[in-house]
Amino acid sequence: MQSLKPQQHAFWKFLGITFLLFSVDAMFDLHFRIKMSTFGRIASYDQRALSHYLWIIPYFLVFGFLILKVIIYSSSIAVKVRRQIAVAALLFLFGAVFLELAGTYYFVVEGKLNLLLMLIKTGESLFQMIGSILFINTFLFYYNSLKKEV
């Protein structure tokens, strides 16, 4: 198998760190713990107020930095692989970020479980799973293409 160029190595390293942090966050439910610890300090108790969502700022800073690094070093990766990773990331993040926030806000406004909320939460998990499957498929495609070059 061929050895990676320094830019390719950096790309895979930052992508791996990003996945590791997402996994740790999911395993220990860190985003919920951070959210709960910010209430009354920097975030509002009123769940309808925008200040209620200030706990997201550290996530945008950390993951924004990592994603920026991934984008910078992505030029060293084959265009097809880069495109597949981008599609997988957009689908995963649509579920993990947008639909999670939409579901949380909808629950705050409605105050009860109903069919629409369950559809939002199902869509959240579905988009995350589809994104994860596309990531795995992309990595297998990339690995197999490296094996063929040998």
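Selection within region 70-91: residues that are under 15 Å from the mean Cα position of the chain (by Cα) and closer than 15 Å to residue 17 by Cβ. The member of this set that is surrounded by the fewest Cβ atoms within 10 Å (Cβ to Cβ) is 71.
Scan region 46-63 and give yes if some residue there is touching a Lys or Arg at 6+ places or on another chain (Cβ under 7 Å) and open to solvent by less than 80 Å² (accessible area, probe 1.4 Å), otherwise no. Yes, region 46-63 contains a residue that is touching a Lys or Arg at 6+ places or on another chain (Cβ under 7 Å) and open to solvent by less than 80 Å² (accessible area, probe 1.4 Å). Checked against the criterion of being open to solvent by 80 Å² or more (accessible area, probe 1.4 Å) and of a type outside the set (A, V, I, L, M, F, W, C), region 120-142 has at least one qualifying residue. Restricted to region 12-45, and to residues there that are open to solvent by less than 90 Å² (accessible area, probe 1.4 Å) and in a loop (DSSP other than H, G, I, E, B), the residue that is farthest from residue 101 (Cα to Cα) is 40. Are any of the residues in region 98-121 part of a helix (DSSP H, G or I) and closer than 30 Å to residue 9 by Cβ? No, there is no match, as no residue in region 98-121 is part of a helix (DSSP H, G or I) and closer than 30 Å to residue 9 by Cβ. When 91, 140, 119 are checked against the criterion of being touching a Phe, Trp or Tyr at 6+ places or on another chain (Cβ under 6 Å) and not basic (Lys, Arg), 91 stands alone in meeting it. Cβ-Cβ distances below 7 Å connect no pair with a first residue in region 124-148 that is under 27 Å from residue 101 (Cα atoms), a second residue that is open to solvent by less than 60 Å² (accessible area, probe 1.4 Å) and hydroxyl-bearing (Ser, Thr, Tyr), and a separation of six or more residues or different chains. Which condition number in (1) in contact with a helix residue (DSSP H, G or I) (Cβ under 9 Å, 6 or more places away or on another chain); (2) under 30 Å from residue 49 (Cα atoms) is the one that residue 115 fails? Only one criterion is unmet by residue 115, namely (1).
For region 9-19, indicate whether the set of residues that are among the hydroxyl-bearing types (Ser, Thr, Tyr) and over 30 Å from residue 111 (Cα atoms) is non-empty. Yes: region 9-19 contains one or more residues that are among the hydroxyl-bearing types (Ser, Thr, Tyr) and over 30 Å from residue 111 (Cα atoms).
The values are calculated or read from the model by the stated rules, or taken from the named source; none is laboratory data. Because the structure is a prediction, the values reported are computed rather than measured. We place every Cβ from the backbone using ideal geometry, glycine too, and count neighbours over all the protein chains shown. Protein only, heavy atoms only, side chains kept; ligands, DNA and RNA dropped before computing areas. Shrake-Rupley method; radii C 1.70, N 1.55, O 1.52, S 1.80 Å.
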